[in-house]
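Okay, structure first, notes after.
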Amino acid sequence: MKLVERDRTFARHLGMNLLLVPISALLMGTEMNVLAVAASEHPKQNTNFTFYGDFRVRYELDYDSQTAAGVARADRNRGRIRARLGFNFQVSEDWSVGARVRTGSSKGQQSSHLSFANDDGTAEDFDLVPDRYFVQFKRDGFTAWGGRNTSPFWYQNEMFWDDDATPTGLAGSYALHVGDGNLTAAGGAFYLPAGGYDLNGQMLAGQLKYNHPVGPSQVTAAAGLYYMHGEKGARYLLNRNGERDYLIGTASAQWSAPVKGIPLSLGADVFHNFMDYSAADVAPFPVVDANQTLGYVFSVQLGQLKKRNDWLLGYYYVHIETFSVNASYAQDDWVRFSSGAQTDSSNFKGHEIRGAYAITKDLNLMARLYLVDAITTVQDGNRFRVDLNWKF
């Protein structure tokens, strides 16, 4: 509990004091002035300080869906925003520190979005969370950090781990040349987030990743093992996800190559939970869900968003069983299976179709359609999103 309190105090003081003013200005109507200042501090300048950030405006429609009880949900239209602003400071050649603050409910760890418009005319209260604050050491192929930061492991999508779920602890990685490719070993010990500030449970994890060029193409393969030790007391996590132990193995592969000058990538992921659950472990889910421990993803993407007039098209098929991932730390994009600021992002299968266009190098428009069915219940959902994304 003392470590939890220290994390909350450090988070609030570091993130809020350093970065509250620029983000608040961004969302309260003076965003152009703030972003102009941030842009003037671009990493290309010869300075030890680098600032970075992004801003998103989203329209979202959820339609034609029903709950697990078979009750039809009302269609929902929402306007949402996201803003993130961070900095890195190079203390010496090897040492640096960094921090970032994001919008999003402090009761959630999976999303940095806030709704400013709903069908009923309501809007979410303005909220900020400092989601990164860390010290990092980097020399040659070795990197290590301590604090709160993004996951040190490689993923080609967020079906297992959401980028917004930043763990607190220690992480390290080492990269070396093996043959014509590169091998990276990464590992870490973390406390897991439960909302924006609380910590609940721990995770020990490791991953091996190998990247190998094959002519003009490239193959990347990774395998990881993640042990999550649950503890009672999580205020926000759904379905006892914070109390339950997980031992999840992951395997991913990606092949990318140019097709007439256009980047093409094919991907596959498999997730399997090796825990042997009892009826008490799986509650509040029915005991028949105890063996729902397999997940997989197939994806294809054509194109990229690197410069003006670039475009991309993508397709994903997913099958994520109830306990194949910890649903409180997986993506929150696909489904409306949620309660408040928490998304219950497992026990579903379905499709994502996406298309995007780069208006400039730093500004793009992306549309995504999700068509989803639950695996063990009649719950389903359809979702359409359009995002205007700006990086600075």
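Observations, loosely collected:
- Identification of strands (runs of 3 or more DSSP E) wholly contained in the stretch 107-190 with 2 or more residues that are under 30 Å from Glu60 (Cβ atoms) and of a type outside the set (A, V, I, L, M, F, W, C) yields 113-118, 128-139.
- Selection count where residues are crowded, with 16+ Cβ neighbours inside 10 Å and either free of Cβ contacts under 8 Å to residues at least 24 places away in the same chain or under 9 Å from the mean Cα position of the chain (by Cα) (or both), scope the stretch 171-181: 0
- Scope the stretch 374-383; condition surrounded by fewer than 15 Cβ atoms within 10 Å (Cβ to Cβ) and part of a strand (DSSP E or B); matching residues: none
- Residues (under 18 Å from Ser328 (Cβ atoms) and either of a type outside the set (Gly, Ala, Ser) or surrounded by fewer than 21 Cβ atoms within 10 Å (Cβ to Cβ) (or both)) located in the stretch 200-217: Asn200, Gln202, Met203, Leu204
- In the set Phe337, Phe384, only one residue is touching an Asp or Glu at 6+ places or on another chain (Cβ under 8 Å), within 22 Å of Glu243 (Cβ to Cβ) and aromatic (Phe, Trp, Tyr); that residue is Phe337.
- Lone qualifier among Arg6, Arg84 - being among the charged types (D, E, K, R) and at pLDDT 50 or above: Arg84
- Filter result for the condition that a residue is within 22 Å of His113 (Cα to Cα), among the β-branched types (Val, Ile, Thr) and surrounded by 16 or more Cβ atoms within 10 Å (Cβ to Cβ), over Thr168, Thr184, Thr220, Thr250: Thr168
- Among residues of the stretch 263-284, those that are closer than 23 Å to Lys232 by Cα, surrounded by 19 or more Cβ atoms within 10 Å (Cβ to Cβ) and out of contact with any Leu (no Cβ under 8 Å at 6 or more places or on another chain), counted: 2
- Search result, residues across the stretch 356-382 that are in contact (Cβ under 8 Å) with a residue 24 or more places away in the chain and within 13 Å of Tyr316 (Cβ to Cβ): Arg368, Tyr370, Val372
- Condition check for Arg148: in contact with an Asp or Glu (Cβ under 6 Å, 6 or more places away or on another chain) and modelled with pLDDT of 95 or more: no
- Number of the exception - Tyr329 against (1) part of a loop (DSSP other than H, G, I, E, B); (2) touching a residue at least 40 places away in the same chain (Cβ under 8 Å); (3) over 19 Å from the mean Cα position of the chain (by Cα): (3)
- Annotation: Gly233 fulfils all but one of (1) modelled with pLDDT of 95 or more; (2) among the small types (Gly, Ala, Ser); (3) at positive phi; the unmet one is (1).
The values are calculated or read from the model by the stated rules, or taken from the named source; none is laboratory data. What you see is a predicted model, and the numbers here were worked out from it, not measured in a lab. Please note: Cβ atoms are built from the backbone with ideal geometry, for glycine as well, and neighbour counts cover all protein chains shown.
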